[in-house]
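Worksheet: one structure, shown below.
The values are calculated or read from the model by the stated rules, or taken from the named source; none is laboratory data. Since we're looking at a predicted model, the values are computed, not measured. Every residue, glycine as well, gets a Cβ built from its backbone with ideal geometry; the counts of neighbours run over all protein chains shown.
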Amino acid sequence: MGDPHPTTPSPTQTPTPTAPTLRAQALTRTFGRGAKALTALGPVDLDIAPGEFTCIVGPSGCGKSTLLRIAAGLLLPSAGELSIRAASPRPAAMIFQDYGIYDWKTVLANVRFGLDIQRVPRKEADARARDWLARMGLSEFADAYPAALSGGMRQRVAIARALAVEPEVLLMDEPFAALDAQLRTILQDELLDLTQTTRTTTLFITHSLEEAIVLGDRVLVMSARPGRIIAEHRPPFPRPRTGDVRSTPEFTALKSELWELLRGEVRREVIPA
């Protein structure tokens with residue numbers, strides 16, 4: 001005989017999707033007014049999941065940095081909105097292309113700067129700053145001034161300062177653009193290792209397709225101005241990953257595919273229709 005009390009299989013439960021840490025909805029930014037108004041960005045719709053490293057590539061002037069500055073609260077959108085879902089009142093830290101460190105402060109004081117603003121007790125702030133200097137290989141330069149540092153070391157100071165405050169969102173605006181190719185590769189690998197350890201939600205702006213593929217969980221391609229997201233690719237490299245992915249056929253194929261997309265947008269920017 002069959003079971004007199006058959007059990008009805010319960011339906012498969014779909015996991016509740018995690019709310020995005022950063023969300024942009026119909027985001028637009030226009031500069032100027034009237035006939036001279038210039039739409040630099042948008043509309044942009046974008047969700048970034050907690051812990052995701054998202055890279056954005058696009059032609060010069062397409063609004064990549066404008067998007068990042070809106071996310072940092074340095075610019076207001078003209079339309080639409082950008083929201084950050086976070087536990088702290090100041091969840092984001094930003095790293096600029098030009099380092100953004102203070103020449104009159106020591107390396108230690110530069111790294112501690114964000115902690116001082118947050119009024120972290122000096123003893124704790126010093127300990128956290130020194131910990132990040134050690135991670136970045138800069139311990140022996142704690143009492144030096146930026147003028148004594150190379151470009152790569154200054155950028156390490158900027159990264160240490162941003163991460164010392166333990167941000168929920170890390171915003172990076174072409175942080176390695178001013179460095180030579182060899183140093184850029186080294187810092188890419190160092191950042192890759194750091195962000196895989198911290199799993200900080202990161203929005204990274206770059207002109208380098210190689211950089212985007214090595215670092216990103218997701219690579220977004222923006223159109224010529226006004227910048228819109230026209231393509232999304234996920235590099236086929238599981239984490240943890242290393243810079244060795246540069247030598248794989250998959251890396252070369254994805255780089256070529258992204259360049260074909262980007263080349264058309266660069267031509268549109270240089271030679272408008």
Complete set of residues in segment 59-83 that are touching a helix residue (DSSP H, G or I) at 6+ places or on another chain (Cβ under 7 Å) and assigned to a strand (DSSP E or B): Leu82
Residues of segment 150-162 satisfying the condition of being farther than 11 Å from Phe113 by Cβ and in contact with a helix residue (DSSP H, G or I) (Cβ under 6 Å, 6 or more places away or on another chain): Gly152, Arg154
Residue within segment 156-169 that is under 17 Å from the mean Cα position of the chain (by Cα) and either among the aromatic types (Phe, Trp, Tyr) or surrounded by fewer than 17 Cβ atoms within 10 Å (Cβ to Cβ) (or both) present: yes
Residue count, segment 139-169 (criterion: out of contact with any Phe, Trp or Tyr (no Cβ under 8 Å at 6 or more places or on another chain) and under 23 Å from Arg199 (Cβ atoms)): 8
Residues that are small (Gly, Ala, Ser), in a loop (DSSP other than H, G, I, E, B) and surrounded by 14 or more Cβ atoms within 10 Å (Cβ to Cβ), drawn from segment 101-155: Ala142, Ala144
Search result, residues across segment 183-212 that are surrounded by fewer than 17 Cβ atoms within 10 Å (Cβ to Cβ) and closer than 13 Å to Gly243 by Cα: Ile186, Asp189, Asp193, Gln196
Residue selected from segment 1-34 under the condition modelled with pLDDT of 80 or more and of a type in the set (A, V, I, L, M), by the criterion nearest to the chain's Cα centre (by Cα): Leu22
Number of positions in segment 20-41 that are among the hydrophobic types (A, V, I, L, M, F, W, C) and under 18 Å from Val221 (Cα atoms): 6
Within segment 219-251, considering residues that are out of contact with any helix residue (DSSP H, G or I) (no Cβ under 9 Å at 6 or more places or on another chain) and hydroxyl-bearing (Ser, Thr, Tyr), the one surrounded by the most Cβ atoms within 10 Å (Cβ to Cβ): Thr248
Residue selected from segment 93-139 under the condition among the hydrophobic types (A, V, I, L, M, F, W, C) and within 20 Å of the chain's Cα centre (by Cα), by the criterion modelled with the highest pLDDT: Val111
